[in-house]
1. Taking the highest mean first, how do the peptides 188-199, 226-237, 255-266, 303-314 order by number of other beta carbon atoms within 10 angstrom per residue?
2. Taking θ as phi - 60°, what are the ³J(HN,Hα) couplings along segment 480-486 by the Karplus curve (6.51, -1.76, 1.60), each to the nearest whole Hz, with x for Gly and Pro?
3. Around His537, which amide H atoms from residues at least 5 apart in sequence, or from another chain, sit under 5 Å from its own amide H, with H modelled in the peptide plane?
4. Each label point is 7 Å from the Cα along the Cα-to-Cβ direction; what then is the distance between the points at Lys215 and Asp328, in nm?
5. Kindly state, to the nearest 0.05, the FRET efficiency for Ser466 paired with Lys92, given R0 = 41 Å and r defined as their beta-carbon distance.
6. With every protein chain present, what accessible area does Glu355 have (1.4 Å probe, heavy atoms only), rounded to the nearest 10 Å²?
7. Got a sec? Charge dipole of segment 182-311, +1 on Cβ for Lys and Arg, -1 for Asp and Glu; which of Met195, Val222, Ser205 is way out at the positive end?
8. In whole Hz, what ³J(HN,Hα) sequence does segment 143-155 give by Karplus (6.51, -1.76, 1.60; θ = phi - 60°), x for Gly and Pro?
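The values are calculated or read from the model by the stated rules, or taken from the named source; none is laboratory data. It should be emphasised that the depicted structure is a prediction, and the values quoted were computed from it without experimental measurement. Glycine gets a Cβ as well: all are built from the backbone with ideal geometry, and neighbour counts include every protein chain shown. Keep in mind that these areas ignore ligands, DNA and RNA; they rest on the heavy atoms of the full protein, side chains included. Shrake-Rupley method; radii C 1.70, N 1.55, O 1.52, S 1.80 Å.
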Amino acid sequence: MASTSAKPIFTPRVTSPPSSSSSFRSSFLPFLNTNTSSISLKLSHNSPSQSQVITNILKTLESPNTSISKSRDLDLSAVSSTSKPTILVSEKLGEGGLDVLRSFGNVDCSYNLSPEELCSKISLCDALIVRSGTKVTRQVFEASKGRLKVVGRAGVGIDNVDLQAATEFGCLVVNAPTANTIAAAEHAIALLAAMARNVAQADASMKDGKWQRNKYVGVSLVGKTLAVMGFGKVGSEVARRAKGLGMHVVAHDPYAPADRARAIGVDLVSFDQAISTADFISLHMPLTPATDKMFNEETFAKMKKGVRIINVARGGVIDEDALVKALDAGVVAQAALDVFTEEPPPKDSRLVQHENVTVTPHLGASTKEAQEGVAIEIAEAVVGALRGELSATAVNAPMVPPEVLSELAPFVVLAEKLGRLAVQLVAGGSGIKSVKVVYRSARDPDDLDTRLLRAMITKGIIEPISNSIINLVNADFTAKEKGLRISEERVVIDSSPEYPVDSIQVQISNMESKFESALLETREISIEGKVKDGIPHLTCVGSFSVDVSLEGNLILCRQVDQPGMIGRVGNILGEHNVNVSFMSVGRTVRRTKAIMAIGVDEEPDKESLNKIGEVPAIEEFVFLKL
Ligand SMILES: NC(=O)c1ccc[n+]([C@@H]2O[C@H](COP(=O)([O-])OP(=O)(O)OC[C@H]3O[C@@H](n4cnc5c(N)ncnc54)[C@H](O)[C@@H]3O)[C@@H](O)[C@H]2O)c1
Ligand SMILES: O=C(O)[C@H](O)COP(=O)(O)O
């Protein structure tokens, strides 16, 4: 199964050193969906450079076992049934979303899996879709043995997914951040009103045969102060609705823009101000290490006596034992909770059983409308990721808009090839500590999003010298882990702003080179490339200008600049049946030293390389795999 599934683009599984075609495929992540038997390309624009790149891909990937289709949208017919990815759905998902998934892959809906069952299934799955009930732990990523490419969270909160582990394993995590906002906000308002008027308690009492009108006298909302803690999507919708109920609303959120609050008529205030002035406090922040148990004994003590708390965010933001104490002491008059530290909470939970507490079993997102919306939102995000498109809702990878991707496509290929070349020029490549990338462009530096390019340079540098598999998700993490510092410089040049980048230069500091001529006077290994007609070209090695397209393999020679050198080396290669695809000579000063760059289709054997080395005028040479 693993070998026949469509190769998702985020995690190209390439063993080092990759062949040129696999390298090309894996570099061209965002547009190319490949598997062992078919390839399908997605064109998003008609730009000449991109069609050139695609022509190039077609050429590069041509093989007797490869069928290629070219379409404006992903051509699903090109993906044979045996190569369909497998998507495990571990919690109930709306039918609309399942339909989207089924039209793309094999869908396995297995609900209520134990952690062990999940771990044993996961190595057969390319994607996993969860809600809040499935813990996607490090063990899950380990058990997947590299097959799991994307985890889709059908909802907002991703605290049940080990993001660090996902990133380390190069697995993309996407969520569905918008479709359940209104449902959650409506549930918060429902709990607010139900709590204030004792609806749940009165209902239970009547069903118990009682008629207790005096016991269930409530409190009014109008004119009361509501503190919205966490003024994001749900928080601001709650604020809007509470204003409609005649409440005075303040909000606390260290990251919320003041103009959004102003537009809704809400004052942004400090944490202490919010909790000490509010009659009602509604929680809407994510559960993170910073918000874990942020409502605790100390904070309850600062609240107005008789405050009422609503939590539709995450149980973990409240210290539940401290809340029970505050309820017992009357500091907190009532609480309405949809979420709990442990879900489901223990049956004998004092919090759940407390008479002043109203509870629902994590129903915030559970409306028909929200569940259908979330299902479709997550299914589309997961399918997009499996196709290799970057998701707009990626949680652990940069979000690169499609138009930026389209423009950068040929430069992505160039970036990886430059990284791959640069590392091969280092003598003993594994000690690289510092890489500088210089992007020359006519555009304003602020308009150049280099994250994708940097990731591909990192990939090119690290993959040939390690077992790591690098993609956009884990590039920065892996570089950091390996102690590799990648700095970037953007230089504005006088050129056409039509293309995002004019040239990319990769410099490696403090390393000896296998090819001395690749060193600048400042002793950095330096190579530079450009995209010409959609094809990546090597344009500079050290301080020598060359111009060779980065296809196949490359021999770089430094020789005394004299007639007949091209012929002599060409003859040696010809005698050994190595096809030369191109040659370029670059020199600094006439008749002194020159660099010859020779593109070869095959890898020359030792004998032919030795013969090249024996040519008297050749001072040094290196064979490089692209
Ligand atoms: N009960 C449910 O079924 C349900 C449904 C939807 C969302 N949620 C939960 O609600 C929460 C909010 O969801 P959202 O869609 O509004 O997310 P969001 O990202 O749009 O908003 C969260 C806000 O919290 C703010 N925040 C972060 N740290 C904070 C802090 N220390 N103090 C105050 N504010 C802080 C952020 O700046 C952000 O504005 C999430 O935890 C989510 O999982 C629960
Ligand atoms: O974070 C969320 O989106 C909500 O908590 C919804 O969770 P659920 O998908 O488990 O209902």
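1. 226-237, 303-314, 188-199, 255-266
2. These are the phi-based 3J(HN,Hα) values: 5, 4, 8, x, 9, 9, 10 Hz.
3. Lys530, Val531, Lys532, Leu550
4. Reported label-point gap for Lys215 and Asp328 is 2.2 nm.
5. For Ser466 and Lys92, the calculated efficiency is 0.50.
6. Here the accessible area works out near 120 Å².
7. Final value for the positive-end residue is Ser205.
8. In residue order, the calculated couplings are 5, 6, 6, x, 7, 5, 9, 8, 10, x, 9, 6, x Hz.
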